[in-house]
Amino acid sequence: MDTEPLNSGTDDELLAFFDRQLRERALPDGPGARIERSGDVVRQVGPAPVWNGVLWSDLTAATAEVQIAEQVRHFASLGVECEWKLYAHDCPADLGQRLVAAGFEAEPDETVMVARVADLARDPDPAPGISLHPVTDAAGVDLLAEVHEGAFGGDASRLRERLLAQLAAAPDTLVAVVAMAGDVPVSAARMEFYPGTDFAGLWGGGTLPGWRGKGIYRALIAHRARIAAERGCRYLQVDASDQSRPILQRLGFVPLTVTTPYIRRP
């Protein structure tokens with residue numbers, strides 16, 4: 001593994017460290033997924049509920065059109081929705097415009113934030129009356145999916161299917177937790193481990209509207225930071241919404257870059 005510490009070097013060096021470990025050298029993120037390297041593009045493919053999309057690219061103005069067309073043809077042949085995960089520093093500078101011209105639709109920007117696990121609090125208690133419960137079986141996944149739908153909207157059936165498959169085939173790569181107010185699930189989050197890297201990723205942290213502002217989200221961050229420390233992870237990474245970014249900054253996360261999901265539906 002690389003051993004570059006987060007608190008040294010320039011921002012560009014830190015970003016290159018992130019790109020190298022989590023994008024250019026990406027590993028499959030769950031059962032049924034596989035990583036393919038096609039020219040100057042790294043993509044993940046697999047049957048539903050696997051996430052299909054482009055993780056990394058090294059394109060120029062001269063090569064972008066050919067590579068975009070190749071990815072469109074490839075994912076269309078699979079009949080799946082795909083996402084081109086574009087980062088602000090990716091080249092060429094007009095890559096987003098080229099993706100839109102090829103039929104992709106941009107979704108809201110997210111801020112990539114990183115923190116040293118050693119710098120994070122690991123023991124804040126949840127709000128009074130709130131208890132944290134690990135997700136280890138189908139019943140727990142159902143509770144997490146219920147919170148996800150309540151916090152973010154939409155249908156969480158694909159998420160439910162993916163997490164069940166991951167718990168069955170690779171439980172060591174996933175930590176998920178639900179915050180309960182008595183018998184009512186009010187918040188949930190998960191953490192993904194990336195073997196062979198210094199990072200773990202925080203995903204899906206959401207709280208039902210009536211329970212926000214009570215420190216539950218902060219407690220879920222601390223809970224996962226403690227487990228990450230126990231597992232020997234050095235850094236936590238999160239794609240933060242505008243709502244969660246200020247909370248994460250107060251907890252010690254630093255902005256690294258901005259990412260925009262570009263979605264192309266079959």
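The values are calculated or read from the model by the stated rules, or taken from the named source; none is laboratory data. Because the structure is a prediction, the values reported are computed rather than measured. With ideal geometry, Cβ positions are generated from the backbone for all residues, glycine too; neighbour counts draw on all protein chains shown. Side chains included, ligands, DNA and RNA excluded: accessible areas come from the protein's heavy atoms. Shrake-Rupley method; radii C 1.70, N 1.55, O 1.52, S 1.80 Å.
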* Compute the distance in nm between two label points, each set 7 Å from the Cα along the Cα-to-Cβ direction, one at CYS91 and one at GLU105. => 3.2
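Taking 0.36 nm per residue of separation and subtracting the Cα-Cα distance, what length does fully extending VAL184 through VAL66 add?
Stretched out fully, the VAL184 to VAL66 stretch lengthens by 37.4 nm.
Using the heavy atoms of the protein chains alone and a 1.4 angstrom probe, what is the accessible area of the chain per residue in square angstrom?
Normalised by residue count, the accessible surface of the chain is 47 Å².
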* To do: Return the carbon/sulfur percentage of the accessible area of the range 76-211, one whole number, probe 1.4 Å, all protein chains in place.
  => 54
* Förster radius 30 Å - calculated FRET efficiency between ARG158 and ASP40, Cβ distance, rounded to 0.05 -> 0.55
* Long-range HN-HN contacts of VAL178 with modeled amide H, under 5 Å -> HIS133, VAL135
* Structure fact -> Once normalised by the length of the range 168-250, the mean sequence separation of its alpha carbon contacts under 8 Å that are 6 or more apart gives a contact order in percent of 24
* Asked: Just how many % of Cα pairs in the range 123-179 lie over 14 Å apart, if you round to the nearest whole percent?
  -> 56
* Asked: How large is ³J(HN,Hα), in whole Hz, for each residue of the range 165-181 in order, when computed from phi with the Karplus curve 6.51 cos²θ - 1.76 cosθ + 1.60 and θ = phi - 60°, using x for Gly and Pro?
  -> 5, 5, 5, 6, 9, 8, x, 6, 8, 9, 10, 10, 8, 10, 8, 10, 9
* **For the chain, the fraction of alpha-carbon pairs in successive 5 Å shells from zero, as %** => 1, 6, 12, 16, 18, 18, 14, 9, 4, 1, 0, 0
* Per-residue ³J(HN,Hα) for the range 244-254, Karplus 6.51 cos²θ - 1.76 cosθ + 1.60, θ = phi - 60°, Hz, x for Gly and Pro -> 8, 4, x, 5, 5, 4, 5, 7, x, 7, 10
* **Over the range 69-167 - Rg/Rh using Cα atoms and the Kirkwood inverse-distance radius** => 1.07
* To do: Rounded to the nearest 500, what is the 222 nm mean residue ellipticity of the chain from helices alone, with -39500 (n - 2.57) per DSSP H run of 4+ residues and division by all residues?
  => -9500 deg cm²/dmol
